[in-house]
């Protein structure tokens, strides 16, 4: 079994506060500067939420929209409602509750559509604001955004927990990991968006944090519940179930003294997954959406055998993992994305080496789980892009905790040993995250949307 971690509850509170405050501060800046509907598929997701809030039904794609995807009849339609419904049901009920408690209307009126979207990259005509605190969104939308922000915070915390699992003798690793996640521009942008990706990423991150605790068979019941919720949020989260089964098999082989308990928990996992499958199969709307998604992903695009296609997928994936806001059309220069990812890959390589040399018990098992997770997430992403051109890093956000933890491991190699100097370096990293994100907002976001003009 893994050696008991050494970070006390008091010290953990001290470590978790700085990244939490950093995240809440930066995500609030993006919340204040990104207008309504200027996030990937946000109007479509809101239409699905509205079906739950207004009509007390599971969201459906009806009628199926026709025409260019950016036209108002398509953008403001239920075209996104083919997704699994968990996120929409939860946020739809939240909107009903907010409307009931505040007396505000539940229905949402979007600004006028911008016919010059192709030229400006701005989907709607937003009114000029006297200050950033002035919002054009009703309270029912703001409430959903706050939930999205809190879900993003769970990713920060789960990433810190993973860092503490991998580097239990270096509490500063959790602080560095949390700071890296909390300062990641694209993650911050998406964490205040209204999208089922936010819930899927949070569930995946919590699942991974639990999965990396071998020797605790009892956790598999909770893992089965979390994975079922993830699949009921997005079909592409099926890889999480595969990763859990693979981890169970690895533990069954590696830890013979736990086999009886593992078998018992596997039976409970099958019951949970079976109940989930029954819900999908016995609920007509969910069944239709599930098999519609499965049929969609069974197709293969015409360009998948072209090298240029995959080079473009890689380029845009790297860009959308750094700064590519709006409808993936508000981007920083590619060279900055390449520098960002060079830093991540370089530090991650050093972090992998440092972790492997740390002599952590069951490191082989943990390494295998990490590899399976990365392969599963990557395979799902490749399959998406084999079907349709969707080079967006948001479909790979379940890898953020791993990248950030390994980056922290790399930073440990250049960190001073003295605690005071470590605190100084960590504070410098926090300050750097604030400066970088403030510059991005000032130089890219505010000019693009004409805020304060």
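Taking helices (runs of 4 or more DSSP H) as the structural unit, those lying wholly within region 210-306 and holding at least 3 residues that are farther than 30 Å from residue 56 by Cβ correspond to 219-231, 238-254, 259-282.
Hey, could you check region 409-428 for residues that are surrounded by fewer than 11 Cβ atoms within 10 Å (Cβ to Cβ) and modelled with pLDDT of 85 or more and say which is nearest to residue 349 (Cα to Cα)? For region 409-428, the residue satisfying everything is 414.
Scanning region 173-209 for residues being part of a helix (DSSP H, G or I) and more than 26 Å from residue 425 (Cβ to Cβ) gives a total of 14.
When region 272-326 is filtered for residues that are farther than 30 Å from residue 225 by Cα, surrounded by 13 or more Cβ atoms within 10 Å (Cβ to Cβ), at pLDDT 95 or above and out of contact with any strand residue (DSSP E or B) (no Cβ under 7 Å at 6 or more places or on another chain), the ones remaining, listed by number, are 309, 310, 312, 313, 315, 316, 317, 318, 320, 322, 325. Residues that are within 21 Å of residue 361 (Cα to Cα) and in contact with a helix residue (DSSP H, G or I) (Cβ under 9 Å, 6 or more places away or on another chain): does region 230-245 have at least one? Yes, the conditions are met somewhere in region 230-245. Residues of region 87-134 that are farther than 22 Å from residue 57 by Cβ, free of Cβ contacts under 8 Å to residues at least 60 places away in the same chain, touching a helix residue (DSSP H, G or I) at 6+ places or on another chain (Cβ under 7 Å) and outside any helix (DSSP H, G or I): 113, 114.
Scanning region 289-318 for residues that are in contact (Cβ under 8 Å) with a residue 12 or more places away in the chain, out of contact with any helix residue (DSSP H, G or I) (no Cβ under 6 Å at 6 or more places or on another chain) and over 21 Å from residue 392 (Cα atoms) yields 289, 292. Annotation for region 407-424: at least one member residue is part of a helix (DSSP H, G or I), in contact with a helix residue (DSSP H, G or I) (Cβ under 6 Å, 6 or more places away or on another chain) and over 17 Å from residue 343 (Cβ atoms). For region 136-147, name all the residues that are free of Cβ contacts under 8 Å to residues at least 40 places away in the same chain and within 22 Å of residue 186 (Cα to Cα). Listed by number, the residues that qualify are 142, 146.
Within region 360-406, restricting attention to residues that are within 17 Å of residue 341 (Cβ to Cβ) and assigned to a loop (DSSP other than H, G, I, E, B), the residue that is farthest from the chain's Cα centre (by Cα) is 391. Given the conditions (1) under 21 Å from residue 432 (Cβ atoms); (2) surrounded by fewer than 24 Cβ atoms within 10 Å (Cβ to Cβ), which single one is not true for residue 139? Of (1) under 21 Å from residue 432 (Cβ atoms); (2) surrounded by fewer than 24 Cβ atoms within 10 Å (Cβ to Cβ), only one is false for residue 139: (1).
Restricting to region 341-396, name every residue that is free of Cβ contacts under 8 Å to residues at least 12 places away in the same chain and within 25 Å of residue 207 (Cβ to Cβ). 345, 356, 363, 367, 371, 375, 382, 390 - these are the residues of region 341-396 that are free of Cβ contacts under 8 Å to residues at least 12 places away in the same chain and within 25 Å of residue 207 (Cβ to Cβ). Kindly evaluate residue 222 against the criterion of being surrounded by fewer than 20 Cβ atoms within 10 Å (Cβ to Cβ) and either in contact (Cβ under 8 Å) with a residue 60 or more places away in the chain or touching a strand residue (DSSP E or B) at 6+ places or on another chain (Cβ under 7 Å) (or both). Answer is no for this residue.
Report whether or not residue 84 is touching a residue at least 60 places away in the same chain (Cβ under 8 Å), closer than 19 Å to residue 289 by Cα and within 27 Å of the chain's Cα centre (by Cα). Yes, satisfied. Taking (1) outside any loop (DSSP other than H, G, I, E, B); (2) touching a residue at least 40 places away in the same chain (Cβ under 8 Å); (3) within 14 Å of the chain's Cα centre (by Cα) in turn, residue 150 satisfies each apart from (2).
State yes or no: is residue 191 closer than 16 Å to residue 31 by Cα, over 20 Å from the mean Cα position of the chain (by Cα) and touching a residue at least 40 places away in the same chain (Cβ under 8 Å)? No: the conditions fail for residue 191. Residues in region 327-359 that are more than 25 Å from residue 170 (Cβ to Cβ), over 22 Å from the mean Cα position of the chain (by Cα) and surrounded by 15 or more Cβ atoms within 10 Å (Cβ to Cβ): there are none.
Annotation: of all residues in region 112-136 being surrounded by 16 or more Cβ atoms within 10 Å (Cβ to Cβ) and closer than 15 Å to residue 46 by Cβ, the one that is farthest from the chain's Cα centre (by Cα) is 113.
The values are calculated or read from the model by the stated rules, or taken from the named source; none is laboratory data. All figures in this text were calculated on a predicted structure; none of them were measured in a lab. We place every Cβ from the backbone using ideal geometry, glycine too, and count neighbours over all the protein chains shown.
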